[in-house]
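These notes are about the structure you will find just below.
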Amino acid sequence: MRLHTHIDGTSEAQAALASLADRGEADFAAVEPVVREILAAVRAEGDAAVLRLQERFAGRRPNALYLAAYGGEAALARLDPNARAALQLAADRIRRFHERERDAGFRYEEGGVGLGLRVSPVRRAGVYAPGGKARYPSSVLMSAIPARVAGVRDIVLATPLAGDASDDALLAAAHLSGVTAVVDAGGAQAIAALAYGTASVPRCDKIVGPGNAYVACAKRLVFGAVSIDSIAGPSEILVVADETADARLVAADLLSQAEHDEAAYPLLVTSHPPLVEAVERELARQLADLPRVAIARASVETNGHAFVVSSRARLAEVADRLAVEHVSLQVRDPEELLPGIRAAGAVFLGHLTPEAAGDYLAGPSHVLPTGGAVRYGSPLGVYDFVARTSVLRYEAAALEEQAQAITAFARLEGLEAHARAVELRVSVKSRTTGESQH
């Protein structure tokens, strides 16, 4: 099992870095026509279209589309005690982390001008959780708990149910997260229902959560009618390693993302050339008995890259250029290297910090930008589920003091009505309240 290895400074390495840096440019040409048809059908026909499309694509027609009583508490009770305890511990830790993200806004006064920022939760959030081979109760916790901490009143989980015990973990996670209802549907039709609303599914203000190409394309197309978190692509990890790294741990972390998806990106950058061969031997050894060996092998063979650099400074430079979702710093003094890597979704410091801890239990949401979007994006958080309102109040003296500058600015832009709206207020004799008099 060999990684695509590149020696820093060569034209091959430069080309590989450039190609990987552009990996987020998703091509939806193959799916967009179908997705547009689905969105149009749901917008026109509502529930009937969602049910018909769910039967067409999933082979199952739900008995009920919108489930306010989805049985989450009973599902939690049915789980194996160890699984139940793990979900509960994860929910507690995720909640405690995101409570620190709350923003109370602010108010202040400056020379007779009262200013402030009001922070309010959106009224309703939609959380998408995939079905099929990618059913992740952890993603329900990581998506819905920040919404609940933000104060969102209604949290609607869209996920195609199987109608049997395999649903229990998802429904239990929904219960622990504060989900208020479940929509038994997946794919682009579920995104359309959340975005536009139907007779039974209420319209949401925000939609978050990962999905396949149809889901990602649908989220992109409904943006504007509703807010979204990001366009999720394949999972990715970059292990940054020096001579202190253990090849077994490096390989294990690379495979932890490779087993997600054949299109995942397991990446390595190292300043210790012998490490590459050692990691390749470990990849082959660990793949031998991995249950999802076919998926992981395809990921490594297609998208597995190793970059060999000459210095510690280049480790950080390459990592920052790649802008990867998960960055594992398996180096001496990772805290010292961290400031040089500005673009990263989540950073795992040191040899004893597995990426899997972030996926499940550590606390920060594992819903992260992919495809280089960490250059401008952020992990999912409480701030994704709030709206901010500016608050302004002028006293009479403050308006009079600023009137000349405001009207000059308005006329500079050719907006006479703006200027007159100020001058009319200043001309009013009684200014005790700072409001227009009639």
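The values are calculated or read from the model by the stated rules, or taken from the named source; none is laboratory data. This is a predicted model, so every value here is computed, not measured. Using ideal geometry, Cβ is built from the backbone for each residue, glycine included, and neighbour counts are taken over all protein chains shown.
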TODO: Go through segment 372-395 and give me each residue that's without any contact (Cβ under 8 Å) to a residue 60 or more places away in the chain and hydrophobic (A, V, I, L, M, F, W, C).
DONE: 374
Open item on the list: For residue 267, only one of the following conditions fails: (1) crowded, with 24+ Cβ neighbours inside 10 Å; (2) under 30 Å from residue 191 (Cα atoms). What is its number?
Closed with: (2)
Task: Set 288, 296, 319, 343: member being buried (at least 23 other Cβ atoms within 10 Å of the Cβ), more than 12 Å from residue 240 (Cα to Cα) and of a type in the set (A, V, I, L, M, F, W, C) - done: 296
- [ ] Could you check segment 70-145 for strands (runs of 3 or more DSSP E) lying wholly inside it with 2 or more residues that are farther than 30 Å from residue 57 by Cα and touching a residue at least 60 places away in the same chain (Cβ under 8 Å)?
- [x] 113-121
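What do you reckon, is residue 118 in contact with a Lys or Arg (Cβ under 8 Å, 6 or more places away or on another chain) and surrounded by fewer than 22 Cβ atoms within 10 Å (Cβ to Cβ)?
yes
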- [ ] Specify which of the listed residues (163, 151) is on the phi > 0 side of the Ramachandran plot, in contact with a Pro (Cβ under 7 Å, 6 or more places away or on another chain) and surrounded by fewer than 24 Cβ atoms within 10 Å (Cβ to Cβ).
- [x] 151
Task: Criterion: under 25 Å from the mean Cα position of the chain (by Cα), assigned to a loop (DSSP other than H, G, I, E, B), among the basic types (Lys, Arg) and modelled with pLDDT of 95 or more - qualifying residue of 342, 321 - done: 342
Open item on the list: I'd like to know if segment 408-431 contains one or more residues that are part of a helix (DSSP H, G or I), crowded, with 20+ Cβ neighbours inside 10 Å and either among the acidic types (Asp, Glu) or modelled with pLDDT under 95 (or both).
Closed with: no
Open item on the list: Let me confirm something: among 294, 284, 258, which residue is in contact with a strand residue (DSSP E or B) (Cβ under 7 Å, 6 or more places away or on another chain) and assigned by TED's automatic domain parsing to the domain that holds residue 22?
Closed with: 258
Open item on the list: Can you tell me how many residues within segment 11-26 are exposed (fewer than 12 other Cβ atoms within 10 Å of the Cβ) and over 23 Å from residue 211 (Cβ atoms)?
Closed with: 4
Open item on the list: Pairs please, first residue from segment 316-335 and hydroxyl-bearing (Ser, Thr, Tyr), second anywhere and part of a strand (DSSP E or B), Cβ atoms under 9 Å, 6+ apart in sequence or on different chains.
Closed with: 328/237; 328/238; 328/239; 328/240; 328/241; 328/347; 328/348; 328/349
Open item on the list: Which condition from (1) touching a Leu at 6+ places or on another chain (Cβ under 7 Å); (2) at pLDDT 95 or above; (3) surrounded by fewer than 24 Cβ atoms within 10 Å (Cβ to Cβ) is the one that residue 124 breaks?
Closed with: (1)
